[in-house]
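Values in this text are rule-based calculations from the coordinates and carry no lab data. What you are looking at is a predicted structure, and each value in this text was computed from that prediction instead of being measured. Glycine gets a Cβ as well: all are built from the backbone with ideal geometry, and neighbour counts include every protein chain shown.
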Amino acid sequence: MVLKCLCFGDWKKGNASCSSKKQYPTVIEELCHPFSFHDLRKSTNNFDQKLIIGERALNKVYKGYLNHNNNNNGAAATDYTVALKVMTVPLEFKKEVEMLCQLHHPNIISLIGFCHHGKEKIAVYEYTDNGTLHDYLNNKDKEPLSWEKRLDICIGVARALHYLHSGVKRAVFHRDINPINILLDRNMMPKLANFVISLQGGLSTLKPKQIKVDKIVGTSALMAPEYAIHEHTLEETMDPILKGKIAPECWQVFTSVIQSCLEYEADERPTMGEV
């Protein structure tokens, strides 16, 4: 698939192509593919309500099937499963596309392309077979996640955050880490998603009380920084399935990491690499 992106300066007009007189040799141009509204509508069977796989605030996410051929040798085209987020807030759409076009990490959702056609604003992502971590944990038909698998998910998200904090030119602060924004692929690898309220720049001096802190394993309850963090506090909100299945020394390290991340002073908190 040839990846080419329309110029962001033309978004307000909803144009489908850039002026030939303008050249924008940016990362976005190279990595974002502009889809036609016709193709995306076809991929979702005219945005069939049965294909909705997620709905949040004013956005809807559809499962779509794009028909394409990766070569020119006459081989039959194949269906490529994608997730399409139909967005209604222009600034959120622009920010999401601009941000994800520049991020490349196995634990961050991949943006395949976008469509800006009049009032229609659609971001196209890789499809994750197991949905969100929130839905997976709350689906009684799913096999319960073991403690080891939950640790794998935690570590994967931590690696994504380490990349955002240290692996890009300008540090990115996600600001909305919670089970709804952690997607799981067919191999249960976590993919961090939803960057519409993220920030770029130096943020290491922020106090914990200035940011949202969510526990992503065992519970999705908010743990306010001003509360004391103790092992028994976390044990009270632990998933009952995990009771008696966690080695004490492992649990001690886990709670110690949580507590250190919530230290008030920035220089007392570990880096994401250390986490």
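Among the trypsin sites (Lys or Arg not before Pro) in segment 107-152, which ones are in a DSSP loop with at most 16 other Cβ atoms within 10 Å of the Cβ? Mind listing them?
Counting only loop positions with at most 16 other Cβ atoms within 10 Å, the trypsin sites (Lys or Arg not before Pro) in segment 107-152 are LYS119, LYS140, LYS142.
Among TRP251, TRP147, which comes first, then next, by fewest other beta-carbon atoms within 10 Å?
So the ranking, lowest neighbour count to highest, is TRP251, TRP147.
May I ask which of LYS50/LYS142; LYS95/LYS140; LYS191/LYS245 have a Cα-Cα span longer than 28 Å here?
LYS95/LYS140
Please list the non-local residues whose amide H lies under 5 Å from the amide H of ARG269, H modeled 1.01 Å from N, same-chain partners needing a gap of 5 or more.
Residues meeting the criterion, in which the H sits 1.01 Å from N, do not exist here.
Using just the alpha carbons, could you tell me how many Å³ per residue the convex hull of segment 96-211 encloses?
Per-residue hull volume (Cα only) is 135 Å³.
In segment 115-180, what is the volume of the convex hull around the alpha carbon atoms, normalised per residue and reported in Å³?
Normalising the Cα hull of segment 115-180 by residue number yields 148 Å³.
By count of other Cβ within 10 Å, fewest leading, how are HIS174, HIS165 ordered? Provide the component values of the computation, followed by the final result.
On the way: HIS174 22, HIS165 17.
The most exposed by this proxy come first: HIS165, HIS174.
Using modelled amide H (1.01 Å from N, peptide plane; none on Pro or chain starts), what sits under 5 Å from the amide H of GLY113, excluding residues fewer than 5 places away?
HIS33, VAL124
Once the Cβ-Cβ distance between ASN138 and SER110 is put in as r, and R0 is 30 Å, what FRET efficiency do you end up with, to the nearest 0.05? Don't skip to the answer; put the middle values down first.
Values: r = 25 Å, r/R0 = 0.84.
For ASN138 and SER110, the calculated efficiency is 0.75.
Exposure proxy check: THR128, THR255 ranked by fewest other beta carbons within 10 Å?
Details: THR128 22, THR255 17.
Ranked by crowding around the Cβ, least crowded first: THR255, THR128.
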